[in-house]
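Take a look at the structure set out below.
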Amino acid sequence: MTVSGREARAGWLFLLPWVIGFLAFTAGPMLFSLWLSLTHYDMLKPPAFVGLENYREALADERVGTAMWNTVFFTALHVPSQIVLALGLASLLRRAGRGSGFFRTILYLPVMTPPVALAAMFLLLLNGQHGAVNGFLGWFGFQGPNWTTDPAWIKPGLVVMGLWTVGSTAVLYLAALTRVPVERYEAARLDGASPWRQFWHVTLPGISGTVYFTVVVNTIASLQVFTEAYAMFFGARAKQSAEGDAALFYVIHLFQEAFGSLRMGYASALAWGLFAVIAVITAVQVRLSRRYVHYEGDRS
Amino acid sequence: MRGRLLTVVLVVPALVVAGCGGLGSDTSDALVTMGFGLPDEHATARVAVFREANPGVDLRITEGAFDEQQFLSAVAAGDPPDLVYAERRKLGGYAARGAVQSLDACVREHGVDLGRFRDAALRQVTYQGGVYGLPEFSSVRLMIINNPVVRAAGLDPAALSTSDWAGMGALTDRLKEVGDGRVERIGFDPKVPEFLPLWAKANGAELIGPGARLDDPRVVEAVRHTTDLVARQGGWASFKAFRDTFDQFGANNQYVTGQLAAMPMDSWYLNTLATNSPDADVTIVPFTDRDGRVLTESGGQAWAIPKGARHPELACRFLVTMTDTPTWVTAATARRDALAKAGRPYGGTFTGNREADERIFGEVFDPRGNPILAKGVPVVLSLQDKAFALPPSPAASELVRAWEGAVNRVLVGQQSPEEAMAQAQREAERALKRVGGR
């Protein structure tokens, strides 16, 4: 056996636990759910093959349309607001000097709040009648909306709540900002570039790889939004959100079909539908990244 | 070197897997329950009765609220608990799906007199002629009226009625307090969508059962009536946001603070009020239908034995003991004594067992002059045998979701009552067809 062959074998042996885990806990369940999506299965009787019936039903299901619209709308609000705020905070942190470590910790702490506790807290903070957020707005003469009960404001309210965990993205941006060479700013300043032009032509290209990564990851996470919305609007006993369908996100609908109606086959079809949507959106993002994302040492 | 490498790669995952296998403890000889907790003497004293009578049984109460997903997954995996404690209205669906066993043989062998259970409670656990559960607690729905608020509006609390639907709007307007987009007081809370079955029944319509339709004009009228009451009190968004601020289980509840004038409510809330705000001045009267007849809906839990339970005979003995009359009396006595030690009144225990209630309220009941209990308990007792209950349905969860979703869409202005209930009917038909076809 050659040296490289032995190394390859050792490499695979080291990888074996992960490979086994991947096959048993990711690839296996995915393939099983693909099979289930072609069946009727209520967990108590064996699956019965029905071909593409579940997919046809999903296309005709009015709640799927509502849930998908809610999810895409939320994503379109949530991802840009996360990125803009995280970038702003990271820029401030970079200027924090010796206090940077302290502020970085403070900024990251909320990320560790359990999502259900977060949802319970924001139900109080965002209460339209006596919540702290509207109390704060009231100081400036604004009468805040009913964030948690008015269908028009539920998704913006959830976006506001989502900003609580902006620290994880901000920390990534801070790391990226520190890697942008100082000489480029010096050169830009010598050329008379304003702070805005420096940001646009030096900072943004310099951190575009990180921005791209966070856009992709946050988009996928937003399209799978579930825990906070479920805890806030559906709860343990509620069969249905009391705010109509405004908080019915795609994964919540999927969950209700699976564990409320015991339609594992249909829910599996819904899951593969979401997988397809995420795959298409991610593919578009990858394609766009070739034009807008720059990496150090990239000659293209 | 290679040998050591191989050892590490193979042994570590093996240890991990072996470790995972050791997390659970063997429960093959234990009698295991699901969905039941031990929060007070009603639970602990009854469990003690069973343990005393069956000292050799390793009873394991897995505390926590009933979780449908957990339960059905356990049944599907062939590893169910021996007993499950769940809402009665869900049992029909589980019976239809074969997730719980018939208790007919159990009842026969233990000589259980089913006649001692209240009719509405027993109907909820009876599916296609077979009994699938034994009823536990039993609550009914009644009106709780805030006297000071209603009197301040120049009205007589005792005369406040839910029968005159045409007049309820004006009544609500007199009792509410809404200004500048802010709700300061709810005049009348119809408690929809949760109480829609009661309102529909008040208008002569059923939501579940042969011939029942969610788009029945009488159901649509009930939806319109109740959602209109909400709309005239600031609209759903403000109404619910205000209601969410109630300290419902505290001393500063909505009756004490004057945030609410009147609402229909479950009877268990009387005990909450009596404990937390014994001086709250309230009137407790039955809910009435449009013809002025007394009407109430019954609800509660039941014990059942899942399909594939390892110890069905022991499980049968357990649920018979837990719902037996002497056991209930023992628990009620223990509860009363514990409350007495804290200087608190005992408002009685409302069960699905008529015989037990007669003894509890005849021998154990100790209101200690609490005015809420003194007024409320006789009303509850008078309603228990007049109650209706949602009948069992194999698609109960889906049906409830369909009509609650429909009412919510009307409340937020997404649909008219006709459109919403028509959609709910379509969803209900699909759900029933699925279950029937499978």
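Over the C-alpha atoms of region B:332-395, the Rg to Rh ratio, Rh being the Kirkwood estimate, stands at 1.08.
Evaluate the Kirkwood expression for the hydrodynamic radius of the protein assembly as shown, namely the inverse of the mean inverse distance over all pairs of different C-alpha atoms, and round to one decimal in Å. All intermediate terms of the calculation are to be shown ahead of the outcome.
Working: mean 1/r = 0.0338 Å⁻¹.
Answer for the protein assembly as shown: a Kirkwood hydrodynamic radius of 29.6 Å.
Local charge sum around A:Tyr173 (other residues, Cβ-Cβ under 12 Å, Lys/Arg +1, Asp/Glu -1)? Working shown, then result.
Numbers: positive: A:Arg94, A:Arg104, A:Arg179; negative: none.
That sum, taken over residues with Cβ under 12 Å, equals +3.
Per residue, the Cα convex hull of region A:26-157 amounts to 204 Å³.
Can you tally the net charge around B:Lys375? Count Lys and Arg as +1, Asp and Glu as -1, for every other residue whose Cβ sits under 15 Å from the Cβ of B:Lys375. Surrounding charge for B:Lys375 is -1. Computed from backbone phi, the HN-Hα couplings of region B:103-115 come to 9, 4, 5, 4, 4, 5, 5, 8, x, 6, 8, 5, x Hz, rounded to whole numbers (Karplus: 6.51 cos²θ - 1.76 cosθ + 1.60, θ = phi - 60°; Gly and Pro given as x). Dipole size of region A:1-135 about its Cα centre, with +1 on Lys/Arg Cβ and -1 on Asp/Glu Cβ: approximately 800 debye, rounded to the nearest 20. Sorting A:194-206, B:388-400 by their mean Cβ neighbour count within 10 Å, with the most densely packed peptide first, gives B:388-400, A:194-206.
Counting each DSSP H run of 4 or more residues in the protein assembly as shown as -39500 (n - 2.57), what helix-only mean residue ellipticity at 222 nm follows after dividing by all residues, to the nearest 500 deg cm²/dmol? Intermediate values should be presented prior to the final figure.
Working: 34 runs with 402 residues, N = 738.
So the calculated ellipticity at 222 nm is -17000 deg cm²/dmol.
Between B:Gln128 and B:Gln69, the C-beta separation translates, for a Förster distance of 30 Å, into a calculated FRET efficiency of about 0.75. Counting only Cβ charges, +1 for Lys and Arg and -1 for Asp and Glu, the dipole size of chain B around its Cα centre is about 680 debye.
Check the straight Cα-Cα distances from B:Lys176 and name the aspartates and glutamates below 14 Å, setting aside those fewer than 8 residues away within the same chain. By straight Cα distance, B:Lys176 reaches B:Glu184, B:Asp189, B:Asp228. The relative contact order of chain B comes to 25 percent, based on Cα pairs under 8 Å that sit 6 or more residues apart.
Counting only other chains, and only Cβ atoms inside 10 Å, what mean value do you get across the residues of A:258-265?
Details: counts 1, 7, 6, 8, 12, 4, 1, 0.
Across A:258-265, the average partner-chain Cβ count within 10 Å equals 5.
Peptide A:9-15 has a mean shielding of 3, counted as Cβ atoms of other protein chains within 10 Å of each residue's Cβ.
For region A:55-292, the alpha carbon positions stretch 65, 46, 29 Å along the principal axes, listed from largest to smallest.
Size descriptors for region B:276-346: radius of gyration and Dmax over Cα atoms are 19.2, 52 Å.
Let me know the Kirkwood hydrodynamic radius for region B:28-172, please, with Cα pairs as the basis and the value in Å to one decimal. Taking the inverse mean of 1/r over all distinct Cα pairs, region B:28-172 comes out at 18.8 Å.
Contact order, relative form, for chain A: 28 percent (alpha carbon pairs under 8 Å, 6 or more residues apart, mean separation divided by residue count).
This ranking places B:Val112, B:Val223 by how few other beta-carbon atoms lie within 10 Å of each, fewest first, which gives B:Val112, B:Val223.
Contour minus end-to-end for A:Arg9 and A:Arg184, with contour as 0.36 nm per residue of separation and end-to-end as the Cα-Cα distance? Intermediate values should be presented prior to the final figure.
Numbers: separation 175, 0.36 × 175 = 63.00 nm, distance 4.56 nm.
This chain segment gains 58.4 nm when fully extended.
At the listed q of 0.06, 0.10 Å⁻¹, the Debye profile of chain B, built from one uniform point per Cα, gives log10 I(q)/I(0) equal to -0.30, -0.79. Working from Cα pairs under 8 Å separated by at least six residues, relative contact order for region A:1-134 is 7 percent. Partner lysines whose Cα lies under 23 Å from the Cα of B:Lys90, excluding those fewer than 8 positions away in the same chain, are identified as A:Lys45, A:Lys239, B:Lys191, B:Lys201, B:Lys307, B:Lys386, B:Lys433.
Taking region A:1-60 on its own, what percent of its Cα-Cα pair distances exceed 16 Å? Walk me through the numbers before you get to the answer.
Working: 1131 of 1770 pairs.
For region A:1-60, the fraction of Cα-Cα distances above 16 Å is 64 percent.
Per the Debye calculation on region B:351-438 with a single equal scatterer at every Cα and no solvent contribution, log₁₀ I(q)/I(0) for q = 0.16 Å⁻¹ amounts to -0.77. Just need log10 I(q)/I(0) for region B:127-279 at q = 0.10, 0.15, 0.16, 0.20 Å⁻¹, Debye formula, equal scatterers on the alpha-carbon atoms, no solvent, rounded to two decimals. Values returned for q = 0.10, 0.15, 0.16, 0.20 Å⁻¹ are -0.41, -0.86, -0.96, -1.33.
Every pair of different Cα atoms in region B:303-413 enters the Kirkwood calculation, which places the hydrodynamic radius at 17.4 Å. Fully extending the segment from B:Ser416 to B:Ala166, taken as 0.36 nm per residue of separation minus the present Cα-Cα distance, adds 88.1 nm. First measure r as the distance between the Cβ atoms of A:Val72 and B:Lys341, then evaluate 1/(1 + (r/R0)^6) with R0 = 41 Å and state the FRET efficiency to the nearest 0.05. For R0 = 41 Å, the calculated efficiency reads 0.10. In terms of packing, defined here as the mean over residues of other Cβ atoms within 10 angstrom, the peptides A:271-284, A:16-29 line up highest first as A:271-284, A:16-29.
The distance separating the Cα centre of region B:180-223 from that of region A:180-222 comes to 57 Å.
Please give me the summed charge of the neighbours of B:Asp164: other residues whose Cβ is under 15 Å from its Cβ, Lys and Arg +1, Asp and Glu -1.
In short, -3.
Charge dipole (Cα centre; +1 on Lys/Arg Cβ, -1 on Asp/Glu Cβ; no other charges) of region A:55-292 amounts to roughly 740 debye.
Every read-out reported here was derived from the displayed coordinates using simple, explicitly stated rules and does not represent laboratory data. Keep in mind that this is a model prediction, so the values were computed, not measured. Please note: Cβ atoms are built from the backbone with ideal geometry, for glycine as well, and neighbour counts cover all protein chains shown.
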